[in-house]
Each structure stands twice: as structure tokens, then as C-alpha cells.
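Here is the structure we will look at, set down as C-alpha cells.
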Amino acid sequence: MISRFLKSTLIAAAVLSASVSSALSSSVSEWVIVQGGAVRLIRASEPTPDGLYRGGIEFRLEDGWHTYWRYPGEAGIPTEASFVNSVNIASAELMFPAPKAYSDGFSTSLIYSEKVVLPVLIKRMDDGRPTILNANLTFGICKDICIPGQAEVSLVFPAATMKDEIADKLVNDAFAQVPIAQGDLPSQFPEIKVVGEGKERQLEISAKVPAKEKAPELFVEGPAGSYHGVPKLTSVKKGKAHWTLPYIGLPEDVSELELRLTLVTKDGAFEETQNVSVPQTTASN
């Protein structure tokens, strides 16, 4: 049986091994040790045909630790990244695989545990200068207690690179886990409505799911500044699932509510934005 001490040092061994590799490969940065784990930048060996680079922010967490999605749920700190200090970078977009719901008996949070790569889509400038991606990260990290985390990681993009199959796989796998945007495709959500009054007011959400799906997951994000909870699954039957979400923490003084919805089923993860009418008599209470 592996001792508790040995388990707690696994991440350190992985980081040490990977740090030696990173010295030999320009596709990864050095690991930055944080409370409960470590973080680094990685990138694919070559740009995509349209000239964009695919990269990622990789977290490795010790046993029992977790960090949070872009919306942490009922408790936690969102994971965010600023790339403003980068050099010769036109844009860098941080993306997120779907999280897992985690309950500590008091609240439900949306988390990543063990390891995760958050994809970054990068557009370089082309003015002859060296290209450096600098990421200033803020996040929450939690085990027995939750604390704010911060790390600065940096990666140089050389003019010529060598093939790095390990980094390529990590990046490609991460992008494959990003929820598929519905875009102009038919909505996965045939009905979303606001019902009830005062403290009883709530969202009722229905989604189309695979016929044999038994445990779909739904994550909802309200407008900036919202601090609502996590939807509760109430039924799944004949390819249709239903959730309820208390309205508490969503804007009160609006006639229309913009929601970002992430649906996870056995067929994959899907994301879309919906504008939901808020009855005026309800919004004014």
C-alpha cells in the first residue's frame, strides 16, 4: 500500500522529471510550484494552417487538491489568465474543458482535480521580434481549506522548432475536450423559462439528450457579476432532461437574461448562449 507521504510527493517527482525535459524542449515552460501542485505553459510544435498556435496552461495537482472552472459554482475562485505582458502576441484566448461538480456537504463547486490542460488559442504578430507568451494566472486551490493562488509562467516561441509528440498530444487532447459551440445549429435547449415569485423564483431548463442518457450534467453562467448556484437535475426521460436553478444571485432589474449553458452527455460537451425573457412582474419583486 502506498504511504500517505509517498502520495504527497508524486507531484514533486513528476515536476522534477518534466523540468529536465523542458530544458531540452521549447514546447514547454518550466514548472512553477504552487500550493498543492504545479503549473506550466505548453504549446503544439507547429501552427495550424491558418497561422494560429495552439497552447495550454497545464495544472498538475496533488492527491486531494482541486482548482476551479471559469465559474466556480456556489463556492471558490474562478481560474483566470492575463496575457497583457506578452511580446509579439496579437491575441491569446483561454478556453476551458467542462468541469466536474463537487459537493463538500455545504456547497457545490465546479472543479478540476488531478491534472488538466486549459487550451489557449494564440495569434502571433509578424514584425520580426521574438515571440514570448506571458501568462499571469489567478485561481483558487483547495483541499481541507481553500486559498487564492497566483503564478506567472512564460514560454518563448522560437523561429524554428523540433517535433514534440508529448506536448502535441497534451494540447490536442485539451482542445478536443472543449465543449462544441452550437453556433447556428439547432438549440439543445427547447425550453428555458423563469417561473415563480420572490424567493420562490427559479429557472426551469429542459435539454435534449441521448435516448439512453441517465446522468447528463448542466453548468449555467449568468451575466458578469452573477453569483448563482448550480442547476439541480430533476428528471431524465425519453431523451429529455430537466433542471431547476434558483434565481437567487441573478440580475433582478432586467427584462432579458443572457445565459451561457454547457451541457455534458455521453455524446460529449456542448455550449451555447441563450437569451431568456424575465417577466416584468417577477423582475420587479
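The values are calculated or read from the model by the stated rules, or taken from the named source; none is laboratory data. Fair warning: this is a prediction, and the values are worked out from it, not measured in the lab. Quick reminder, even Gly has a Cβ in these numbers, built from the backbone with ideal geometry, and neighbours come from all protein chains shown. Note: areas computed on protein heavy atoms with side chains; ligands, DNA, RNA excluded. Shrake-Rupley method; radii C 1.70, N 1.55, O 1.52, S 1.80 Å.
Some points to look at:
- With all protein chains kept in place, the per residue accessible area of region 136-223 amounts to 57 square angstrom at a probe of 1.4 angstrom.
- Averaging the sequence gap over all C-alpha pairs within less than 8 Å and six or more residues apart, then dividing by the number of residues, gives region 173-268 a relative contact order of 29 percent.
- Reachable aspartates and glutamates, given that their alpha-carbon falls under 16 Å from the alpha-carbon of Lys240 and they are not under 8 places away in the same chain: Glu191, Glu204, Glu213, Glu217, Asp267
- Heavy-atom surface analysis with a 1.4 Å probe gives the chain a carbon and sulfur content of 54 percent of its accessible area.
- On Cα atoms only, tilt of 165-176 relative to the major axis of the chain in degrees: 10 degrees
- Listed residue pairs exceeding 28 Å between alpha carbons, taken from Lys143/Lys214; Lys169/Lys208; Lys115/Lys266; Lys169/Lys238: Lys143/Lys214; Lys169/Lys208; Lys169/Lys238
- Between helix 4-22 and the chain: long-axis angle, C-alpha atoms, 0 to 90°, nearest 10: 60 degrees
- Of the peptides 57-66, 148-157, 240-249, 99-108, the ranking by mean beta-carbon count within 10 Å, highest at the top, reads 57-66, 240-249, 148-157, 99-108.
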